[in-house]
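Structure, as structure tokens:
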Amino acid sequence: MPLNRIGWEEFRRLDAKAKAAYFAEDGRLFHVLLAQQFDRARLEDLGALATRIRFIAKSDEGRRFLKGLLDARRAMLYFTQPSTRTFLSFCAACQILGLTIGEVRDPATSSEYKGESPEDSVRTFSSYFDLIVMRSQIAGLAERMAWVLSNAGRPIPLINAGSGRDQHPTQALLDVYTLQRSFENLGGIDGKCIVFVGDLLRGRTVRSLAVLLTNYGGLRLRFVAPEPLQISPDVCETLASRGVAFETGGDMESAIRDADAIYMTRIQDEWDAREGDSARIDISRYCLEHRHLQMIKPTAVIMHPLPRRKEIAVEIDGDPRAVYWRQMRNGMWIRAALIAAIFGRDGDIRGYDG
Ligand code: CP
């Protein structure tokens, strides 16, 4: 159902699942804003599409085919909060599919500096571009901007590339894709034990991933964090309402022994109420060191959305269970799959037989 069928105030008050009904058009993805809009079938489809793109991109002919799919389209990357891999992987994904890219990375260089509102900014972008990918430090702003676009003269899709502390749905997609690939020969994601470690309160990647994991059966999730940074009650409520087994607290060293996937996160001190608040929290027991490698399963995977600080020792990088660099590259493929699906070119990719 298009987002122009509902007023902003009415839409704003809906819960995430009800909002998600407004992000598709003619059964196809349009806006990508919340993890709640993805069901299991969509996750499996996107993963298979990403793998297909990866395979096709191995040959010159395949790369030319992919580059011709969306070469008449333009994407605006509107990132007013710092980013390295999300920004660059969206750039690379657009380039794989032939889209031309424009960017605003600092509102001080755009007319927002002169007082233009974000609403007017995205309407302006929609005059020149066919897709907006947006990162902002304001929770919910991507939803508001998508509503504005759908109600403007030239509705175009918007992808949320990280909004405040609430959602980072495309990071969660690449995380699920990494889990799909890691457990391909181990029975899939169902039934696995996934341990989250670190700043779970303010990590939007963990929030979005926890929602996506409710699409799988028999999971056991464990959230290990310093007490002030423990996962928030609303995520626990979502998990409980979907019948996902989870526990909070406990000791990292005992939790990782049983884990099929260990998802490390950094302390997100950019959200501190007062500078230095996080520095007072002892995180030494929430850091993965080389000695921990002998405690974890031979088939376990170690993940991290990155960037990292000290929570994963660099010496771990060479261990075959450390998949965070592969996880990051998966972001490029899954984002290419997402953009192809939004513009309805997924069928061409599946049908390519070169
Ligand atoms: N994982 C992630 O969102 O990284 P960036 O902040 O570098 O984009």
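Among all positions in the range 64-73, there is at least one residue which is open to solvent by less than 10 Å² (accessible area, probe 1.4 Å) and either of a type in the set (D, E, K, R) or outside the structural domain of GLY203 (by TED's automatic domain parsing) (or both).
The criterion of at least 3 residues that are within 16 Å of the ligand (Cβ to nearest atom) and under 20 Å from the mean Cα position of the chain (by Cα) is met, among helices (runs of 4 or more DSSP H) falling completely within the range 118-222, by 169-182, 204-213. When GLY203, GLY243, GLY218 are screened for being touching a residue at least 24 places away in the same chain (Cβ under 8 Å) and either surrounded by fewer than 20 Cβ atoms within 10 Å (Cβ to Cβ) or hydroxyl-bearing (Ser, Thr, Tyr) (or both), only GLY218 passes.
Residue-wise test of (1) more than 16 Å from the ligand (Cβ to nearest atom); (2) in contact with a Phe, Trp or Tyr (Cβ under 8 Å, 6 or more places away or on another chain).
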residue: ARG40; (1), (2): yes, yes
residue: ALA48; (1), (2): yes, no
residue: SER59; (1), (2): yes, no
residue: THR80; (1), (2): no, no
residue: THR84; (1), (2): no, no
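Return the residue satisfying two criteria in turn: it lies in the range 253-264 and is aliphatic (A, V, I, L, M) and out of contact with any His (no Cβ under 8 Å at 6 or more places or on another chain), and of such residues it is surrounded by the most Cβ atoms within 10 Å (Cβ to Cβ). Among those residues, the one meeting the criterion is ILE262.
Conditions (1) at pLDDT below 95; (2) open to solvent by less than 40 Å² (accessible area, probe 1.4 Å); (3) under 24 Å from ILE53 (Cα atoms); (4) polar (S, T, N, Q), marked per residue:
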site	(1), (2), (3), (4)
LEU99	no, yes, yes, no
ILE132	no, yes, yes, no
ALA152	yes, yes, no, no
HIS168	no, yes, yes, no
ALA172	no, yes, yes, no
GLN180	no, yes, yes, yes
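The C-beta contact set for the range 319-347 (first residue within 14 Å of the ligand (Cβ to nearest atom), second residue open to solvent by 30 Å² or more (accessible area, probe 1.4 Å) and assigned to a helix (DSSP H, G or I), distance under 6 angstrom, 6+ apart or interchain) comprises MET328/ARG85.
The values are calculated or read from the model by the stated rules, or taken from the named source; none is laboratory data. Please read all numbers here as calculations on a predicted model, not as lab measurements. Positions of Cβ are generated from backbone atoms using ideal geometry, with glycine treated the same way; all protein chains shown enter the neighbour counts. Ligands, DNA and RNA are excluded from the accessible area calculation, which covers all protein heavy atoms including side chains. Shrake-Rupley method; radii C 1.70, N 1.55, O 1.52, S 1.80 Å.
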